[in-house]
Amino acid sequence: MDERLLIEAAQKDRSRFGELYEAHFDRVYAFVAHRVRNRQEAQDLTSEVFQRALANIHRYEWRGAPFAAWLYRMAANAVADHYHDKAREGDFPEAEVPDNVAADAERRAALSQCVNRLPKEQRRVIVMRFVEQRRIREIAEELGKSEGAIKQLQWRAVQNLRAQMHG
């Protein structure tokens, strides 16, 4: 089912959120686990991300960006909050709080905005390739283009993103 339709269904009936959860759990958990390195904390934070997503699904607006980007932004915020709380509680010295967590979240949010400004075809290729982690061949087949055309669109999109991020 089209992701947009899944989102709309979950917005109308929260019991349909399970389909979005199933589709995105593994990637969100991997994102969080890579940043906290403690399995129990990663599970707790991932659970928190999906609870927040369910509670705020009615606020989500489809703008062409993948639903995963919204979840990743929530996950990055949850990880940053987690480290701030640990530092405040004195669980470990302030120096051990990763400085890059908040910066990484901000960079990802900025990148998401830049991706949204790409031309439609470039945006689709970037989302399919790097968010959905699909192969060039799969993208070419779905979009009805040659693999060379997809590689060219990807290259142009990456150059465009590089210019936006550093320009």
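Structure data summary
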quantity	calculated
Alpha carbon convex hull of the stretch 1-103, volume per residue in cubic angstrom	103 Å³
Loop-resident sites, the stretch 35-81, for trypsin sites (Lys or Arg not before Pro), counting at most 12 other Cβ within 10 Å (DSSP)	R37, R63
Sites L54 and R4, calculated FRET efficiency, Cβ-Cβ separation with R0 22 Å, nearest 0.05	0.80
The chain, dipole about Cα centre (Lys/Arg Cβ +1, Asp/Glu Cβ -1), debye to the nearest 20	860 debye
Tail fraction, Cα-Cα pairs, the stretch 118-167, threshold 11 Å, whole percent	64 percent
Loop-exposed GluC sites (Glu not before Pro) per DSSP, neighbour cap 14 Cβ within 10 angstrom, longest uninterrupted part of the chain	62-131
Integer Hz, Karplus 6.51/-1.76/1.60 couplings in order for the stretch 27-39, x for Gly and Pro	5, 5, 4, 4, 4, 5, 4, 5, 9, 9, 6, 10, 4
Eligible lysines near K120 by straight Cα distance, threshold 29 Å, same-chain separation 8 or greater	K12, K145, K151
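No value in this document is a laboratory result; all are computed from the given coordinates. A quick note: this is a predicted structure, and the numbers were derived from the prediction, not measured. Neighbour counts run over all protein chains shown; Cβ positions are idealised from the backbone, glycine included.
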